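See below for the structure under consideration.
The values are calculated or read from the model by the stated rules, or taken from the named source; none is laboratory data. In this text the structure is predicted, and so the values were computed from the model without any measurement. Cβ placement follows ideal geometry from the backbone for every residue including glycine, while neighbour counts extend to all protein chains displayed. Quick note on the areas: whole protein, heavy atoms, side chains included, nothing else; ligands and nucleic acids left out. Shrake-Rupley method; radii C 1.70, N 1.55, O 1.52, S 1.80 Å.
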Amino acid sequence: MEKAIQLRVRKDLNPRQQLTVIKLKGNLISKGYTEIIHIVDQDDEFHLNTFETPAEHRNEVQQYIASFIHAENLSDTISFKPS
């Protein structure tokens, strides 16, 4: 069964943050965690980035994203949206 993961991404990003968010999304796809990431507006401040991943990879994906956010200092830019 597929499980959806939602990320809240701030809209007003500087160029470095934009590039790093794109890098994260590319890594998620290239590592085979998902094939597509859907982006919709949440409100005036955030986009919601939603993708599905196999249930058996859900924890691995969440750990990877959390590590990436920490390593790239993006905690004020990207966060998990509670399911």
From V61, V9, grab the single residue that is more than 13 Å from I78 (Cα to Cα) and in contact (Cβ under 8 Å) with a residue 12 or more places away in the chain.
V61
Members of region 26-42 found to be outside any helix (DSSP H, G or I) and either of a type in the set (S, T, N, Q) or closer than 13 Å to K3 by Cβ (or both), listed by number:
Y33, T34, Q42
In region 1-34, what residues are in contact with a helix residue (DSSP H, G or I) (Cβ under 9 Å, 6 or more places away or on another chain) and hydrophobic (A, V, I, L, M, F, W, C)?
M1, I5, L7, V9, L13, L24, L28
Which count do you get for residues in region 36-83 that are surrounded by 14 or more Cβ atoms within 10 Å (Cβ to Cβ), touching a Leu at 6+ places or on another chain (Cβ under 9 Å) and acidic (D, E)?
1
Would you check which residues across region 43-69 are more than 11 Å from the chain's Cα centre (by Cα), closer than 17 Å to Q17 by Cβ and either assigned to a strand (DSSP E or B) or modelled with pLDDT under 95 (or both) and list them?
F46
Pairs under 7 Å by beta carbon, first residue more than 17 Å from E60 (Cβ to Cβ) in region 15-36, partner aromatic (F, W, Y), six or more apart or different chains?
I36/F51
Which one is farthest from I65 (Cα to Cα), of the residues in region 5-35 that are open to solvent by 50 Å² or more (accessible area, probe 1.4 Å) and touching a Ser or Thr at 6+ places or on another chain (Cβ under 6 Å)?
R10
